[in-house]
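Working notes, structure below.
The values are calculated or read from the model by the stated rules, or taken from the named source; none is laboratory data. Everything numeric here is computed off the predicted structure, so don't read it as measured data. All Cβ positions, even for glycine, are placed from backbone atoms using ideal geometry, and neighbour counts span all protein chains on display. When the accessible area is computed, the model is the full protein with side chains, heavy atoms only, and any ligands, DNA or RNA have been set aside. Shrake-Rupley method; radii C 1.70, N 1.55, O 1.52, S 1.80 Å.
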Amino acid sequence: MTDAPVLTHRNGAVAEITLNRPEALNAMSQALVASLTQVVRDLSAAPQVRAIILTGAGRAFCCGLDLKELATKPGALSAFDWHGSGSLASVIRACPHPIISAVNGFAITGGLELALLGDFLIADPKAQFADTHARVGITPSWGLTQTLPRLIGTNRARQMSLTGEFVDAETACNWGLVNEVTPEGQLMDRARAMAVQISETDRSTMGKIRGLIGLSDQIS
């Protein structure tokens, strides 16, 4: 397998993006963030793409920022473009194609934020979710403090963010964090089936409906 931090695969109108740092639980290094940003930008400009699946290699979806890199490279944290038009979050939000976050394992802190940037989440039974921003001393930057309460309720969001406790896949589904938990080993099959269904919709109408649903995210 290539050592590229992000892998892409196309099958017709469906594109798959795989975070590819399994030895580091797909932690977001500067190289991974830059590569992922460019991949999403490229796929956004591809009219033949209709849906995107975002997942991780190995036993994690993404465990958040690469804290080892931050510790060894002074100023690495400030080097990330968090809010600008070229930031990863902005590029994902601007993507015209729906993104399914297929959470295969740990989705922690920034990794949870990344998953929530997708249109919706599905999860493998082994998936686990946690918001440990308060434990590592980094304030959420991609809308977690607004998105999470809207999905699971204010008190449950407080529980996750203030304690840093891990939430298993079934609990996450019961709370509304993920749409469904697939049978073991069937996560990608289900994600692909959903992506094909999306690709078969009328592009213009789907885009309008998606945009109207997205308006609720702008209401505080």
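Within the accessible surface of the chain, defined with a 1.4 Å probe on protein heavy atoms only, the carbon and sulfur portion equals 53 percent. When the chain is treated as a GNM with alpha-carbon contacts under 10 Å, the residue of Val103, Val49, Val178 showing the greatest mean-square fluctuation is Val49.
Suppose accessible area is computed on protein heavy atoms with a 1.4 Å probe; arrange Trp142, Trp175 from highest to lowest.
Working: Trp142 15, Trp175 45 Å².
Sorted descending by solvent-accessible area, the residues read Trp175, Trp142.
Can you bin region 1-58 into rounded, prolate or oblate? Criterion: square roots of the alpha carbon gyration tensor eigenvalues sorted a ≥ b ≥ c, rounded for a/c under 1.5, prolate for a/b above b/c, oblate for the rest. The partial results should precede the final answer.
On the way: a/c = 2.61, a/b = 1.71, b/c = 1.53.
Prolate, because a/c is 1.5 or more and a/b exceeds b/c.
In plain terms, the chain from Ala45 to Arg10 could stretch by 11.2 nm, reckoned as 0.36 nm per residue minus the Cα-Cα distance. Given the options Thr18, Thr109, Thr201, which has the most mean-square fluctuation in a GNM of the chain, springs set between C-alpha atoms less than 10 angstrom apart? Residue with maximal mean-square fluctuation among Thr18, Thr109, Thr201: Thr201. Enclosing the Cα atoms of region 1-128 in their convex hull gives a volume equal to 99 cubic angstrom per residue. Straight-line reach from Lys73: which aspartates and glutamates fall under 20 Å, measuring Cα to Cα and dropping same-chain residues less than 8 apart? By straight Cα distance, Lys73 reaches Glu23, Asp81. From the P(r) of the chain, could you give the percentage of C-alpha pairs in the tail past 30 Å? Counting every Cα pair in the chain, those more than 30 Å apart make up 17 percent.
In this structure Thr205 has an accessible area near 70 Å², from a 1.4 Å probe over the protein heavy atoms.
So what's region 156-220 giving for Rg/Rh, alpha carbon basis, Kirkwood Rh from the mean inverse pair distance?
Details: Rg = 15.9 Å, Rh = 14.7 Å.
Taking Rg over the Kirkwood Rh, I get 1.08.
Hey, what did the chain get for relative contact order, percent, Cα under 8 Å, at least 6 apart?
Details: 404 pairs, mean separation 40.4, N = 220.
Rounded, it is 18 percent for the chain.
For Gly56, the residues 5 or more places off, or on other chains, whose built amide H falls under 5 Å of its own are Leu19, Asn104. For the set Leu7, Leu121, solvent exposure ranked by accessible area (probe 1.4 Å, protein chains only) runs largest to smallest as Leu7, Leu121. Residues in the chain average 48 Å² of solvent-accessible surface per residue, probe 1.4 Å, ligands and nucleic acids excluded. Note that region 193-209 has calculated 3J(HN,Hα) couplings of 4, 5, 5, 5, 4, 4, 5, 8, 7, 5, 4, 5, 5, 4, x, 5, 5 Hz, one per residue in order, obtained from phi through the Karplus relation 6.51 cos²θ - 1.76 cosθ + 1.60 (θ = phi - 60°); glycine and proline are x.
Surface calculation, 1.4 Å probe, protein heavy atoms: Leu25 sits at approximately 40 Å² accessible.
Modelled this way, with points 7 Å down the Cα-to-C-beta line, the labels at Asp3 and Ala34 are 1.6 nm from one another.
Over all directions, average the projected area of the Cα convex hull of region 89-130 and note it in nm². Don't jump to the answer; show the numbers that get you there.
Details: hull surface 10.8 nm².
Projected over every direction and averaged, the Cα hull of region 89-130 covers 2.7 nm².
Accessible-area rank, largest first, for Asp168, Asp3: Asp3, Asp168, with all protein chains present and a 1.4 angstrom probe. Restricting to bridges with both residues inside the chain, how much of the DSSP beta-bridge set is antiparallel, in percent to the nearest 5? Bridges in the chain that DSSP calls antiparallel: roughly 30 percent.
What's the magnitude of the charge dipole for the chain around its Cα centre, counting Lys and Arg as +1 and Asp and Glu as -1 at the beta-carbon? Answer in Debye, nearest 20.
On the way: 18 positive and 20 negative charges, 76 e Å.
About 360 debye.
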